[in-house]
Amino acid sequence: MRELGRRTATAIVFGIVVLGAYYLGSVPWFVVLGLAAAVACIEFYSLARHSGYHPVVAAGVVMVLALVTQAFLGLDLAWAILSLGLLTTVVWGYASQTSSSSFIADWASTFAGVLYTGGLMLHGILLRELPDWLAWGALVFLGTWICDSFAYLIGKMWGRHKFAPRISPKKTWEGTVGGFVCSFAAVMLAAWAFSLPLLPIIGLGILIPLATIAGDLTESMLKRSAGVKDTGAWLPGHGGLLDRIDSLIFVIPVVYYYAVYVVGG
């Protein structure tokens, strides 16, 4: 019960900061998103080091911040940043290693961290710039957090059948299905409240919990590969920042592209 209280309190404070920054938009949202992406990238590199890799941390974090910044400024320089980063990590990697035997793995882990955090999270800037940004943001945060929260609560109270025992032993089918259903209902209710077209949102009501589950399982696989329980100790009851935003990283791009290409912004 004490652990649940710490987890809930942390989630409330975290939610206030994130939702407040998203609502204010502009610089506050850019700062919060940029810092979150940088910290998440550092935590990813920590997992990589636990797995025996040696990513170029400084170059990776700079690329992440550059990706988020160019999205905020509307410069459309993502490929230029990644190309420059490619060259930088190649030169840096060969200059700093006495042996090149692990260079491919180290280089790959560097770029995996950049794409996983900065490449996906920059869509938070793009989402905030959509005409119906408040409605899409409500679908993102409500759908993701309700799926996570109810999967945890339902699984803790009624979970009996393991969902992915080799990846995340505590997850159950009962919790997963319960979180999915609650998330779908929340997405549809939010869409109705914001007067979004309900028929196309049905697809998003399915995709948001699926992306939430996929993001959670992806991070669980990364932690299991690294042999650690949490990505950090920033957030009481949750662990690291990546432990808290693992699902949002996947959901935000899904909602952005769905809004643009299916619903039409």
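Details
- Accessible surface calculations at 1.4 Å, restricted to protein heavy atoms, place region 149-192 at 63 Å² per residue.
- Relative contact order computed over region 116-265 (Cα-Cα under 8 Å; 6+ residues apart), in percent: 28 percent
- Overall form of region 116-184 per C-alpha gyration tensor (a/c, 1.5; a/b vs b/c): oblate
- Shape category assigned to region 18-82 from the gyration tensor of Cα positions, a/c cut at 1.5: oblate
- Overall Cα dimensions of region 39-196 - principal axes, largest extent first, Å: 54, 42, 17
- Atom-type composition of the exposed protein surface of region 163-236 places 73 percent of the accessible area on carbon and sulfur (1.4 angstrom probe).
- Each residue of region 176-186 was assigned a 3J(HN,Hα) from its phi angle through the Karplus expression (A = 6.51, B = -1.76, C = 1.60, θ = phi - 60°), giving 5, 5, x, x, 4, 5, 5, 5, 4, 4, 5 Hz with x at Gly and Pro.
- Toward the positive end of the charge dipole of region 110-265, with +1 on the Cβ of Lys and Arg and -1 on the Cβ of Asp and Glu, the farthest Cα among 173, 195, 147 is that of 173.
- Of (1) 7, 28, 35, 22, 7, 1, 0; (2) 6, 30, 38, 21, 4, 0; (3) 6, 23, 26, 19, 13, 7, 3, 1, 0, the label for P(r) over Cα pairs in 10 Å bins from 0, in percent derived from the coordinates: (1)
- Rounded to the nearest 500, the helix-only mean residue ellipticity at 222 nm of the chain stands at -25000 deg cm²/dmol, with each DSSP H run of n ≥ 4 adding -39,500 (n - 2.57).
- Farthest toward the positive end of the dipole of the chain, out of 56, 21, 221, is the Cα of 221, where the dipole comes from beta carbon charges about the Cα centre.
- For region 1-81, the carbon plus sulfur part of the accessible surface works out to 73%, probe radius 1.4 Å.
- Here the spin labels are modelled as points 7 Å beyond Cα on the Cα-Cβ line, and at residue 115 and residue 76 they lie 2.3 nm apart.
- Sequence of 183, 26, 195 from largest to smallest accessible area, 1.4 Å probe: 195, 26, 183
- Counting only Cβ charges, +1 for Lys and Arg and -1 for Asp and Glu, the dipole size of the chain around its Cα centre is about 840 debye.
- Here the dipole of region 69-179 is about 660 debye; that uses its Cα centre as origin and unit charges on the Cβ of Lys and Arg (positive) and Asp and Glu (negative).
- A simple spin-label model places the labels of residue 27 and residue 198 4.3 nm from each other, with each point 7 Å out along Cα-to-Cβ.
- In this structure the amide hydrogen of residue 163, modeled in the peptide plane, comes within under 5 Å of the amide hydrogens of 171, 172, 173, none closer than 5 places in sequence on its chain.
- Extension gain for residue 8-residue 161 works out to 52.6 nm (0.36 nm per residue, less the C-alpha to C-alpha distance).
The values are calculated or read from the model by the stated rules, or taken from the named source; none is laboratory data. What you see is a predicted model, and the numbers here were worked out from it, not measured in a lab. Neighbour counts run over all protein chains shown; Cβ positions are idealised from the backbone, glycine included. Protein only, heavy atoms only, side chains kept; ligands, DNA and RNA dropped before computing areas. Shrake-Rupley method; radii C 1.70, N 1.55, O 1.52, S 1.80 Å.
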